[in-house]
Amino acid sequence: MILTGNEITKEFYSGKIKFSQFDMVKIGTNSYDLCLGSELIFYQDDILDVKKENKYKIIEIPDEGIVIPKHSFCLGSSSIKLGSDFYVPIIHGKSTTARMGLFVHITADLIDIGFYGTTTFQLHNLLPIKLYKGMPIAQVSFWKPKGDIVLYDGKYQGAETPLTSKVYKDFR
């Protein structure tokens, strides 16, 4: 069952949903708007190897924005930390940016219950696009789980910036 915007607000004030910063203006009918953080990560290797940590470059988004060439892939993150020990957060791209050819979360939209940190966006664009830090880019909805809850304690816990894949740790 998805929470309405009013329920998200209520559960934030009860402490069951956590946001490092909360703004009522960002509450939607059944979601909370997330803004883009200040950094983007671009992989540097021509071929990404799942068994090793791949080279990457971190770019600070300037105040005047940054143009991402068409058919690019980069990682960004939410400007705030979020999470819940009681609900399952799901990330959704915003329709407004999708209509410009920007995919915000290609496959990994589920945030594990118990995670708290910034969420990493997997950004892929079909057309050249200019992005700005602080721009609304995604939404998070919260879903009530059924069954016994086991809290997340994995390799991405506590993220404060966009994080590259740590799949190589699964091979050790």
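Taking first residues from region 104-130 that are closer than 13 Å to residue 36 by Cβ and of a type in the set (Ser, Thr, Tyr) and partners that are modelled with pLDDT of 95 or more and assigned to a strand (DSSP E or B), the Cβ contacts under 7 Å between residues at least 6 apart in sequence or on separate chains come to 118/77; 118/78; 119/77; 119/78; 119/82; 119/91; 120/75; 120/77. Of the residues in region 62-74, not one is touching a Pro at 6+ places or on another chain (Cβ under 8 Å), at pLDDT 95 or above, surrounded by 13 or more Cβ atoms within 10 Å (Cβ to Cβ) and closer than 19 Å to residue 20 by Cβ. Does region 27-53 hold any residues that are without any contact (Cβ under 8 Å) to a residue 40 or more places away in the chain and surrounded by 17 or more Cβ atoms within 10 Å (Cβ to Cβ), and which are they? Residue satisfying the conditions is 27 alone.
Which of the strands (runs of 3 or more DSSP E) found entirely inside region 94-172 contain at least 3 residues meeting this: in contact with a helix residue (DSSP H, G or I) (Cβ under 8 Å, 6 or more places away or on another chain), modelled with pLDDT of 95 or more and not charged (D, E, K, R)?
Answer list for region 94-172: 136-143.
Considering each residue of region 114-134 in turn, at least one proves to be of a type outside the set (A, V, I, L, M, F, W, C), at positive phi, surrounded by fewer than 14 Cβ atoms within 10 Å (Cβ to Cβ) and in contact with a Gly (Cβ under 9 Å, 6 or more places away or on another chain). Are any of the residues in region 55-67 β-branched (Val, Ile, Thr), more than 9 Å from the chain's Cα centre (by Cα) and closer than 13 Å to residue 140 by Cα? No. Taking region 1-25, which residues are touching a residue at least 24 places away in the same chain (Cβ under 8 Å), surrounded by 11 or more Cβ atoms within 10 Å (Cβ to Cβ) and within 24 Å of residue 160 (Cα to Cα)? Selection gives 8, 11, 16, 17, 18, 19, 20.
The values are calculated or read from the model by the stated rules, or taken from the named source; none is laboratory data. Predicted model, so just to flag it, every value in this text is computed and none were measured. Neighbour counts run over all protein chains shown; Cβ positions are idealised from the backbone, glycine included.
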